[in-house]
Protein chains: 2
Amino acid sequence: MKLKDDRKVELIFEAALKLVAKKGLSGITMGDISREAGIATGTLYVYFTGKDELINALFAASRANSVQVAFRGYELTTPFKLGFRTVWMNILRYKLQHFEEVVFLEQCYHSPYITEETREKARELAVPFFDLIERGQQEMLIKTADTGLLLTFMMGAINELVKQTHYSNETLSKKKIDLTFDLCWDALKA
Amino acid sequence: MKLKDDRKVELIFEAALKLVAKKGLSGITMGDISREAGIATGTLYVYFTGKDELINALFAASRANSVQVAFRGYELTTPFKLGFRTVWMNILRYKLQHFEEVVFLEQCYHSPYITEETREKARELAVPFFDLIERGQQEMLIKTADTGLLLTFMMGAINELVKQTHYSNETLSKKKIDLTFDLCWDALKA
DNA sequence: AAGATAAGCGAATAAATATTCATTTCTGTA
DNA sequence: TACAGAAATGAATATTTATTCGCTTATCTT
């Protein structure tokens with residue numbers, strides 16, 4: 001008997017992301033996805049029960065990816081600002097390289113596809129980020145304001161930088177990256 | 001003979017915005033819009049040639065609205081920081097009150113509905129904002145970095161605050177508003 | 001007040017899209 | 001190597017959604 005092919009799920013996800021970045025969530029069909037992935041439409045239903053499940057799965061995977069990468073190289077023993085910078089740069093790098101996920105996640109937020117359950121799981125993934133900001137506050141390096149607010153502000157800044165970069169399609173210089181980090185740090189620092 | 005009813009366009013727009021904020025751009029149908037607006041589906045086609053035109057028109061109107069309000073009370077003669085603050089607060093107030101437009105515009109950016117022509121018109125509307133930032137730079141009050149970058153950063157911060165506020169559905173206190181303005185100012189100031 | 005003209009209607013139609021299914025192609029197991 | 005069972009296919013079907021159209025209703029003009 002033939003087994004399911006994990007690589008195929010990857011193909012499907014890649015195809016869907018590519019199409020959403022180009023046409024938006026409202027512009028993709030199961031037919032488009034299968035064509036882009038180079039497989040038959042029916043095959044999509046071997047891996048997912050339907051469009052809803054496919055999109056929820058992709059949403060969960062995208063969220064998980066970006067979080068997983070964020071804390072690479074971060075240790076509680078490193079000085080805060082340096083660690084914060086590491087995480088910040090990780091996130092930025094990831095989002096620049098995976099712009100399609102940025103767009104996809106944004107579009108999903110107000111879509112009927114994502115279930116409350118999927119949303120809840122996404123929220124849980126944010127816990128380490130809250131911890132990070134709170135550490136900074138305890139060390140008196142970060143403003144003592146609503147943690148969620150500071151966090152959204154920081155993520156918003158990164159997202160905007162990524163989008164700006166993409167739309168103006170210039171490659172982001174080291175200098176510009178450092179500058180934006182400074183913008184962000186100046187905003188959050190106590 | 002009967003004349004077209006401007007109020008009806010408003011009704012259609014309101015209905016579409018409401019639905020997009022709830023279900024996303026991918027979740028709305030012409031039927032939904034007409035039902036929500038309390039008119040017949042066919043009537044939509046008296047006012048718009050089809051779904052594409054309806055959405056483009058709403059996009060243009062939403063963009064124009066938020067810009068139009070931004071410079072209310074701003075004069076070139078007022079000191080920069082005060083003027084900047086006025087504009088910043090205008091934008092924030094508007095977006096809080098018109099959250100649905102924020103969501104709608106965001107969703108439209110990567111949709112197949114919005115034509116290049118509509119996008120171009122939207123870009124032109126941003127000119128006064130560039131002028132504002134450039135004024136600040138000339139007065140040495142704002143960092144001398146890519147104007148577009150600073151602008152996106154500022155808008156991003158406001159957008160994020162608006163979204164954060166909405167999702168956590170608490171009313172935004174004066175204190176929190178001032179804090180976020182400070183975050184933003186600290187980020188941009190020279 | 002009568003006629004003309006366009007708005008307004010919503011069921012009918014056309015078009016697009018998701019999903020199913022009969023069939024074929026693999027590939028792991030014996 | 002042969003068989004079993006699941007993956008893969010894509011045309012056919014079901015469903016959803018955009019758009020049209022014959023008709024009714026409203027209101028402007030004279």
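The values are calculated or read from the model by the stated rules, or taken from the named source; none is laboratory data. This structure is a prediction, so every number in the text was calculated from the model and none was measured. Here Cβ is always computed from backbone atoms with ideal geometry, including for glycine, and neighbour counts include all displayed protein chains.
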Checklist entry - Out of (1) at positive phi; (2) modelled with pLDDT under 95; (3) hydrophobic (A, V, I, L, M, F, W, C), what's the single condition that is false for residue A:122? => result (1)
Checklist entry - Being more than 15 Å from the chain's Cα centre (by Cα), surrounded by 14 or more Cβ atoms within 10 Å (Cβ to Cβ), away from every other protein chain (no Cβ under 12 Å) and in a helix (DSSP H, G or I), is that true of even one residue in segment A:120-132? => result yes
Next on the checklist: Any residue that is modelled with pLDDT under 95, within 13 Å of DNA strand C (Cβ to nearest atom) and in contact with a Ser or Thr (Cβ under 6 Å, 6 or more places away or on another chain) - is there at least one of those in segment A:53-63?
Outcome noted: no
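Conditions tested, residue by residue: (1) closer than 28 Å to residue B:170 by Cβ; (2) among the hydrophobic types (A, V, I, L, M, F, W, C).
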| residue | (1), (2) |
| --- | --- |
| B:23 | yes, no |
| B:50 | no, no |
| B:57 | no, yes |
| B:87 | yes, yes |
Checklist outcome for this item: For segment B:177-190 the number of residues that are facing another protein chain (nearest Cβ under 10 Å) and free of Cβ contacts under 8 Å to residues at least 12 places away in the same chain is 3
Checklist outcome for this item: The lone condition residue B:109 fails out of (1) buried (at least 16 other Cβ atoms within 10 Å of the Cβ); (2) within 14 Å of chain A (Cβ to nearest Cβ); (3) away from DNA strand C (no atom under 12 Å from the Cβ); (4) in contact (Cβ under 8 Å) with a residue 24 or more places away in the chain is (4)
Checklist outcome for this item: Per the list (1) within 16 Å of DNA strand D (Cβ to nearest atom); (2) within 14 Å of another protein chain (Cβ to nearest Cβ); (3) under 19 Å from the mean Cα position of the chain (by Cα); (4) not hydroxyl-bearing (Ser, Thr, Tyr), residue check on residue B:51 breaks on (3)
Item to check | Flag if residue A:12 is farther than 21 Å from residue A:124 by Cα, without any contact (Cβ under 8 Å) to a residue 60 or more places away in the chain, away from chain B (no Cβ under 14 Å) and within 16 Å of DNA strand C (Cβ to nearest atom) | outcome: yes
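Tell me, please, whether a residue that is part of a loop (DSSP other than H, G, I, E, B), within 9 Å of another protein chain (Cβ to nearest Cβ) and farther than 15 Å from residue B:153 by Cβ can be found in segment A:164-171.
no
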Next on the checklist: Suppose we filter segment A:149-158 for residues that are of a type in the set (S, T, N, Q) and at pLDDT 90 or above; how many remain?
Outcome noted: 0
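Every residue, every condition in (1) more than 14 Å from DNA strand D (Cβ to nearest atom); (2) among the acidic types (Asp, Glu), yes or no:
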position: B:4; (1), (2): no, no
position: B:21; (1), (2): yes, no
position: B:25; (1), (2): no, no
position: B:36; (1), (2): no, yes
position: B:42; (1), (2): no, no
position: B:89; (1), (2): yes, no
Checklist entry - How many of the residues making up segment A:139-163 are in a loop (DSSP other than H, G, I, E, B) and facing chain B (nearest Cβ under 9 Å)? => result 3
Item to check | Positions within segment A:17-50 being in contact with an Asp or Glu (Cβ under 8 Å, 6 or more places away or on another chain) and in contact (Cβ under 8 Å) with a residue 40 or more places away in the chain, in sequence order | outcome: A:17, A:18, A:20, A:21
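Which residues, counting only those in segment A:133-160, are farther than 18 Å from residue B:186 by Cβ and either surrounded by 17 or more Cβ atoms within 10 Å (Cβ to Cβ) or in contact with a strand residue (DSSP E or B) (Cβ under 9 Å, 6 or more places away or on another chain) (or both)? Give the steps one after another, and end with the answer.
Initial filter on segment A:133-160 (farther than 18 Å from residue B:186 by Cβ): A:134-135, A:138-139, A:148, A:159.
A:134, A:135, A:159, listed by residue number.
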